[in-house]
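See structure below.
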Amino acid sequence: AQSVAQPEDQVNVAEGNPLTVKCTYSVSGNPYLFWYVQYPNRGLQFLLKYITGDNLVKGSYGFEAEFNKSQTSFHLKKPSALVSDSALYFCAVRDMGAGNNRKLIWGLGTSLAVNP
Amino acid sequence: EAQVTQNPRYLITVTGKKLTVTCSQNMNHEYMSWYRQDPGLGLRQIYYSMNVEVTDKGDVPEGYKVSRKEKRNFPLILESPSPNQTSLYFCASSEGTSGNNEQFFGPGTRLTVL
């Protein structure tokens, strides 16, 4: 079965330090991978995606993610965290078994807290 | 400004009283979808639509209806709401016919059914 796992419910990091939010996946075939962020009382916002090509993907707000096929991971990273990065982060993969449905399989989210 | 709008943002209702949550996008997107977000369960798809008059069930369609009479609108209808439909609902849209385009989300509708 296809799935996405975010092994950490919460990540705490000091402002200015690098951050990593982990994501692993299990899909058949080549994955389409996405990261979204949800700020309090807001809808989800797209951060970045990996479809094909360079394994290091750069996205919005200084975030990047590295696709690692051998480890089936797509960890989100940022070199220097900001307090304003505190939010809920979701990893998602397209459900390749859903036919024409653009449905994504979602992780349960990781709450990132950046401490001043 | 490109956006997905939802109304209402907050709604408290009682069991059995029909309600509609509206969703509208101004990006001419073909694909639209409804999700519910619940603690510990993440986002689950309720219904989706590939284009006007083309809708289909997602993972948790029971108790919900949708329609897609116009490309920009995709209302979610609860004919007889029940307390287990208390949740945070999101509408989303994306363009194109491939599966590699990001989805744009509305701000969410927090529904409480008493």
Rounded, prolate or oblate: which fits the protein assembly as shown when a ≥ b ≥ c are the square roots of the eigenvalues of the alpha-carbon gyration tensor, with rounded for a/c under 1.5 and prolate only if a/b beats b/c?
-> prolate
Quick one: among A:41, A:17, A:68, which has the greatest mean-square fluctuation in a GNM of chain A with alpha-carbon springs under 10 angstrom?
-> A:41
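Going by how many other beta carbons lie within 10 Å of each one, how would you line up A:3, B:93, A:111, fewest first?
Working: A:3 11, B:93 28, A:111 15.
Ranking A:3, B:93, A:111 by Cβ neighbours within 10 Å, fewest first, gives A:3, A:111, B:93.
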Ranked A:23, A:91, criterion: other C-beta atoms within 10 Å, fewest first | A:23, A:91
Looking at the range B:23-114 from every direction and averaging, what is the projected area of its Cα convex hull in nm²?
-> 5.9
Using only the Cα atoms of the range A:40-98, build the gyration tensor, take square roots of its eigenvalues as a ≥ b ≥ c, and label the shape rounded, prolate or oblate: rounded if a/c is under 1.5, else prolate if a/b is larger than b/c, else oblate.
-> oblate
Global geometry of the range B:1-52, whether rounded, prolate or oblate, following the gyration tensor of its Cα atoms and the 1.5 cut on a/c = prolate
Let me have the relative contact order for chain B, percent, based on Cα pairs under 8 Å that are six or more residues apart.
-> 36
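List the relative contact order of the range B:3-67 as a percent without decimals, with contacts defined as Cα pairs under 8 Å and 6+ residues apart. It would help to have the intermediate numbers written out before the result.
Numbers: 82 pairs, mean separation 14.3, N = 65.
The value is 22 percent.
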Would you give the gap between the C-alpha center of the range B:52-89 and the C-alpha center of the range B:1-51, rounded to a whole Å?
-> 7
Candidates A:58, A:69, A:77; GNM for chain A (alpha-carbon contacts under 10 Å) flags as most fluctuating A:69
Please give the average number of partner chain Cβ atoms lying within 10 Å of the Cβ of each residue in B:44-57, rounded to a whole number.
-> 2
What's log10 of I(q)/I(0) for chain A at q = 0.12 Å⁻¹, Debye sum over Cα points only, no solvent?
-> -0.39
Largest fluctuation, B:42, B:96, B:16 only, Gaussian network model of chain B with Cα springs under 10 angstrom, belongs to B:42
Here the relative contact order (percent) of chain A, from C-alpha pairs under 8 Å and at least 6 apart, is 36
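Values quoted throughout were computed directly from the atomic coordinates according to the rules given, and no laboratory measurement underlies them. These numbers come from a predicted model, not from an experiment. Note: ideal-geometry Cβ built from the backbone for every residue, glycine included; neighbour counts use all protein chains shown.
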